[in-house]
Amino acid sequence: MAANTRRVKSVEDSIRDTDEPEHRLKKNLSGLDLTVFGVGVIIGTGIFVLTGLVARDQAGPAVAISFVIAGVVCGLAALCYAEFASTVPVAGSAYTFSYATFGEFVAWIIGWDLVLELALGAATVSVGWSGYLNQLLDDLGMALPTSIAGETASFNIPAMVIALAMTAVLVLGIKLSSRVTAVIVAIKLAVVLLVIVVGLFYVSADNYSPFIPPAEPLAEGESGLHTPLVQLLGFAQGSFGWSGVLAGAAIVFFAFIGFDIVATAAEETRNPGRDLPRGIIGSLAICTTLYVAVSLVVVGMQEYTELSADAPLAGAFAANGLTFFSSVISLGALAGLTSVVMILMLGQSRVLFAMSRDHLLPGGLARVHPRYGTPYKITIATGAVVALLAGLVPLTALAELVNIGTLFAFLLVSVGVWRLRRTRPDLERTFRVPFVQVLPWVSAAACLWLMANLPVDTWLRFLVWMLIGIVIYFVYGRGHSRMATGERVPASTGGKDISRA
């Protein structure tokens, strides 16, 4: 059984699968499309929602430092993703990379884990979209009842609507999706620059003092299972102070997921060796700069303790009497978050597509639409699940689970780059991680530290989710995978089929 779980799918087999007629995706994406996708998904909830939450509850004005820390961690992981994606230009991102390095069982685990990042991420952003819609409607005097819209909604109808609408766009084709994203990103960047330029005129130096508020113990009700794991390991933890800044980095880390989504579109890229590294690293660099600038402006405009949890940017402008700009920001946020929902679901559908093509999930789900060239069955299923989650689960609980899932994926990709260099030094690599004996391990350690700053209950939910995934693998995936049924001979065995051992 142990041999079964170590079945490695070679890079060559992964690439060969992309030419199967019933599974062939259309190669319509350019380097610019990938960069736009990256910017489109990275700039979203991090600026428009989480900035206020983290400043108010964890880091104060030093939320900008939290963004820098999270950006550095993501930058290290981005280098690893860039090498992998250009070497293995196949849909599936970390799932496909893990199959080529650690074997089938770890690949399944990381694929199952990516559901936390992508499907839950799309649901989280849908909830944020609903909050900004209600902010905009409130400015117009037409606010929806809080029971059906916003963070506190018991049944979030707008969040479900946006998830289903983006599902329809994705089914209709990758080129249409890229064009819709390009328009939305242009609107979003214009709004972000508006926030920075106009907001600078309303910044008060008093709001930056103290820049790092004095550390406070965990508030009543935040002990027990909601205690960050590092505190149970003996590290002092609480709100604000440097521990709060680090805890904030673990949460705003959610704002940076997106560059790895670029890797999921590798199979639909015309020149992946050249364009994937540009899209991954370029989009991350642009967005980190904008995040830091916006967070500094927002906490300068309004006392951090008074920031809105649902719509902090629009709320900060409204507090300064700039109601018109508040409405413009809400409109821009709606546009921006729309692209994030769409691209996260794009990434999720491509990961599940790759898993279905390998028959770790039912193979019929991997069928590509004969006209649109998209994995329409898995896309529709993804949209339905995201809509249900967005309608029923609160934002904060979703965001923390998304973060731990993403960090775990980054950790495995970082170690995987180092391992593949050792096991397959012969592979052509158009992009190579510098200092490969050190940098991937620094990236993995940084990811693990941020994971440790997440609450214990988040870890417990994560472990339960992983346990469910392990059960599904042994009940279904291990026996149905293409390698188990003899459709693939593991390259690592020198041609000897161990799948029936």
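The values are calculated or read from the model by the stated rules, or taken from the named source; none is laboratory data. Not measured: the values here are computed from a predicted model. FYI the Cβ positions are ideal-geometry reconstructions off the backbone, even for glycines, and counts take in every protein chain you see.
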Q | Those residues of region 115-142 which are under 28 Å from VAL464 (Cβ atoms) and of a type in the set (D, E, K, R), in sequence order | A | GLU117
**Q.** Every residue from region 312-369 that is surrounded by fewer than 22 Cβ atoms within 10 Å (Cβ to Cβ) and among the basic types (Lys, Arg)
**A.** ARG367
(Q) Please return the ranges of helices (runs of 4 or more DSSP H) entirely within region 196-305 where 1 or more residues are at pLDDT 85 or above. (A) 241-252, 272-301
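Condition check ((1) touching a residue at least 24 places away in the same chain (Cβ under 8 Å); (2) polar (S, T, N, Q); (3) under 24 Å from ARG350 (Cβ atoms); (4) assigned to a helix (DSSP H, G or I)) across all residues:
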residue	(1), (2), (3), (4)
ILE404	yes, no, yes, yes
PHE410	yes, no, yes, yes
VAL413	yes, no, yes, yes
VAL417	yes, no, yes, yes
LEU427	yes, no, yes, no
PRO434	yes, no, no, no
CYS447	yes, no, yes, yes
MET451	yes, no, no, yes
**Q.** Test result for ALA70, at pLDDT 75 or above, in a helix (DSSP H, G or I), crowded, with 24+ Cβ neighbours inside 10 Å and under 22 Å from the mean Cα position of the chain (by Cα)
**A.** yes
Q. Among TYR95, TYR132, which is part of a helix (DSSP H, G or I), hydroxyl-bearing (Ser, Thr, Tyr) and modelled with pLDDT of 80 or more?
A. TYR95
Q. Any residue at all in region 55-65 that is closer than 22 Å to THR264 by Cβ and either surrounded by 21 or more Cβ atoms within 10 Å (Cβ to Cβ) or at pLDDT below 80 (or both)?
A. no
**Q.** Scope region 74-92; condition part of a helix (DSSP H, G or I) and out of contact with any Phe, Trp or Tyr (no Cβ under 7 Å at 6 or more places or on another chain); matching residues
**A.** GLY75, LEU76, LEU79, CYS80, ALA85, THR87
Q.
Just to check your reading of the model, which residue among SER30, SER93 is among the hydroxyl-bearing types (Ser, Thr, Tyr), crowded, with 22+ Cβ neighbours inside 10 Å and either under 20 Å from the mean Cα position of the chain (by Cα) or more than 19 Å from THR406 (Cα to Cα) (or both)?
A. SER93
(Q) Checking the conditions here, which among ILE257, ILE281, ILE261 is over 19 Å from VAL68 (Cβ atoms) and β-branched (Val, Ile, Thr)? (A) ILE261
Q.
Can you say whether ALA149 is crowded, with 22+ Cβ neighbours inside 10 Å, touching a residue at least 24 places away in the same chain (Cβ under 8 Å) and either in contact with a helix residue (DSSP H, G or I) (Cβ under 9 Å, 6 or more places away or on another chain) or β-branched (Val, Ile, Thr) (or both), as far as the supplied structure shows?
A. no
Q) Mind checking whether some residue in region 455-470 is at pLDDT 80 or above and closer than 16 Å to GLY363 by Cβ? A) no
**Q.** Subset tally (residues that are at pLDDT 75 or above and closer than 30 Å to PRO213 by Cα) for region 1-54
**A.** 6
Q | Segments classed as helices (runs of 4 or more DSSP H), wholly inside region 309-398, with at least 3 members that are within 20 Å of LEU114 (Cα to Cα) and in contact (Cβ under 8 Å) with a residue 12 or more places away in the chain | A | 323-357, 376-392
Q) So which of GLY282, GLY273, GLY321 is small (Gly, Ala, Ser), under 23 Å from the mean Cα position of the chain (by Cα) and under 24 Å from VAL191 (Cβ atoms)? A) GLY282
Q. Is region 456-466 home to any residue that is under 27 Å from PRO158 (Cβ atoms), surrounded by fewer than 20 Cβ atoms within 10 Å (Cβ to Cβ) and not hydrophobic (A, V, I, L, M, F, W, C)?
A. yes
Q | Residue within region 168-181 that is at pLDDT below 80, surrounded by 15 or more Cβ atoms within 10 Å (Cβ to Cβ), charged (D, E, K, R) and more than 28 Å from VAL385 (Cβ to Cβ) present | A | no
Q. Is it true that THR305 is under 20 Å from THR181 (Cα atoms), surrounded by fewer than 24 Cβ atoms within 10 Å (Cβ to Cβ), of a type in the set (Ser, Thr, Tyr) and out of contact with any Leu (no Cβ under 9 Å at 6 or more places or on another chain)?
A. no
